[in-house]
Amino acid sequence: MTAGTSPGEPKAPSHAFTDADLRGLWIDGDFSPEYHEEARPSDELIASVEAELGGYKLPASYVELARIHNGGVLHRCVYPMHHPTSWADDHIVITGLYALGRTAQWSVVGPLGSLHMESEWGYPRIGVGIGDTPSAGHEQIMLDYRSCGKSGEPQVVHVDQEAGYRITFVAEDFATLIRGLVGEDDYYFAQEERKVALVTVERGTLSPIVVSALAAASGQLPEGERILRALARRIVEDKGSFALHGDEQSYAMYDLIFWLYSHLTTAQSFEHFVRDPEGAASYDAPCYELMIVFSLTDQPYGFNTGDFSGDFLLGWWQERLSSGAIAPSAEGFRMSPETQQNLLAVVSSIG
């Protein structure tokens, strides 16, 4: 049963979160209710807490979560980061979220809450503390109202007391923070998968077709291999794996592979571009699958996704046809000169 609810009490309607967003979020045990949890806050309690905080309007998503489960120790306690902190280069750990109230020790205006961290620990008056970390007070998760004002939608930041109260951006808003939390086991497994993917794109041998295409295109793209690997690395850094879908960077990779492919042959159809019609018995017939997805068992190469979605690739093809980026000609399908020029400008700028 949700903390502070009564049997038969209806669940508060959800707007920012789905059930999937909150699944596995909390640890429910003897320690959590006493120190972190409170009953669902009433409108009157919320108003009084906001007034006590100095007039900061708490985010609607924070209030919504409090009316579902008001504070607690987190099971999904890891938030991946793009900026390093004193905790780690690529993530932070959040022990628990403060209850929206004043009776639990770790509640927003409770004995060890936001106001206590300001007055006793010297945390900056930039907003509202909402979460603690394993550092026992030497770091705090805060809602930062500096850019939005007291009535706006605050960002979530990490504040490091040991580093002169250094403030590091965490998430655009509270709802994004909650949705992005993952379990420790899931995170560390994903990090291992990411490390393997980075080795794949940085050191994996290229398909013989790609090697031939890069040589043929070297006059226009002299640093082709470096650029190909840099684009793949950016995809891995964003997704955690070398996987191509329907996003902008995947489309850039599809474009680059098609452009390279077109230096060796001309696509007669989408199917002709995707796979060797003779069954992919050798690398003699260029195709998408043997350039970046699969390798032949007798001549394997390392730089590959290992799988692909035909639906995403077809979506890219249809979009490029409808926009004129790829157009039919007497010889087959070719990329337009303007698209080629734009592609080379984009990929050449990738560090």
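The values are calculated or read from the model by the stated rules, or taken from the named source; none is laboratory data. Just so you know, these numbers come straight off a predicted model, no measurement behind them. Counting neighbours? That spans all protein chains shown, and the Cβs are built from the backbone with ideal geometry, glycine included.
Would it be correct to say that ALA171 is over 17 Å from ASP90 (Cβ atoms) and surrounded by fewer than 23 Cβ atoms within 10 Å (Cβ to Cβ)? For ALA171, the condition - over 17 Å from ASP90 (Cβ atoms) and surrounded by fewer than 23 Cβ atoms within 10 Å (Cβ to Cβ) - is not met. Out of segment 234-255, which residues are assigned to a loop (DSSP other than H, G, I, E, B) and either under 21 Å from PHE294 (Cβ atoms) or not charged (D, E, K, R) (or both)? Hits for segment 234-255 are GLY240, SER241, PHE242, ALA243, LEU244, HIS245, GLY246.
Take the conditions (1) touching a helix residue (DSSP H, G or I) at 6+ places or on another chain (Cβ under 8 Å); (2) surrounded by fewer than 21 Cβ atoms within 10 Å (Cβ to Cβ); (3) within 30 Å of VAL93 (Cβ to Cβ); VAL201 misses just one of them, which is (2). The residues of segment 226-272 that are surrounded by 16 or more Cβ atoms within 10 Å (Cβ to Cβ) and among the charged types (D, E, K, R), listed by number, are ARG229, ARG233, ARG234, LYS239, ASP255. For the criterion of being in the same structural domain as HIS158 (by TED's automatic domain parsing), within 19 Å of TYR145 (Cα to Cα) and surrounded by fewer than 21 Cβ atoms within 10 Å (Cβ to Cβ), ARG102 fails.
Each residue in segment 115-155 was checked for being within 23 Å of the chain's Cα centre (by Cα), within 18 Å of GLY72 (Cα to Cα) and not charged (D, E, K, R), and 7 pass. Can you confirm whether ALA345 is free of Cβ contacts under 8 Å to residues at least 12 places away in the same chain, surrounded by fewer than 18 Cβ atoms within 10 Å (Cβ to Cβ), not charged (D, E, K, R) and not in a helix (DSSP H, G or I)? Considered against the rule, which asks whether it is free of Cβ contacts under 8 Å to residues at least 12 places away in the same chain, surrounded by fewer than 18 Cβ atoms within 10 Å (Cβ to Cβ), not charged (D, E, K, R) and not in a helix (DSSP H, G or I), ALA345 comes out as no. Pairs meeting the criteria (first residue in segment 209-220 and touching a residue at least 60 places away in the same chain (Cβ under 8 Å), second residue in a helix (DSSP H, G or I), beta carbons under 6 Å, at least 6 apart or on different chains) are ILE209/LEU290; ILE209/MET291; VAL210/MET291; ALA213/LEU260. Restricting GLU331, GLU319 to those that are modelled with pLDDT of 90 or more and either surrounded by 19 or more Cβ atoms within 10 Å (Cβ to Cβ) or in a loop (DSSP other than H, G, I, E, B) (or both) reduces the list to GLU331. For the subset of segment 204-228 comprising residues that are touching a Gly at 6+ places or on another chain (Cβ under 9 Å) and not hydrophobic (A, V, I, L, M, F, W, C), which member is farthest from ASN304 (Cα to Cα)? So the residue we want is SER218.
For segment 152-171, enumerate the residues that are over 18 Å from GLU120 (Cβ atoms) and either outside the structural domain of GLU118 (by TED's automatic domain parsing) or of a type in the set (A, V, I, L, M, F, W, C) (or both). VAL156, VAL157, ALA163, ILE167, PHE169, VAL170, ALA171 - these are the residues of segment 152-171 that are over 18 Å from GLU120 (Cβ atoms) and either outside the structural domain of GLU118 (by TED's automatic domain parsing) or of a type in the set (A, V, I, L, M, F, W, C) (or both).
The residue of segment 221-233 that is farthest from ALA197 (Cα to Cα), among those that are part of a helix (DSSP H, G or I) and in contact (Cβ under 8 Å) with a residue 24 or more places away in the chain, is GLY224. For segment 24-72, filtered to residues that are among the β-branched types (Val, Ile, Thr) and either at pLDDT below 90 or over 30 Å from ASP186 (Cα atoms) (or both), the residue that is nearest to the chain's Cα centre (by Cα) is ILE27.
Apart from one condition, MET142 fits all of (1) in contact with a His (Cβ under 6 Å, 6 or more places away or on another chain); (2) surrounded by 14 or more Cβ atoms within 10 Å (Cβ to Cβ); the exception is (1).
Residues in segment 256-314 that are in a loop (DSSP other than H, G, I, E, B) and within 19 Å of ILE235 (Cα to Cα): PHE294, GLY302, PHE303, ASN304, THR305, GLY306, ASP307, PHE308, SER309.
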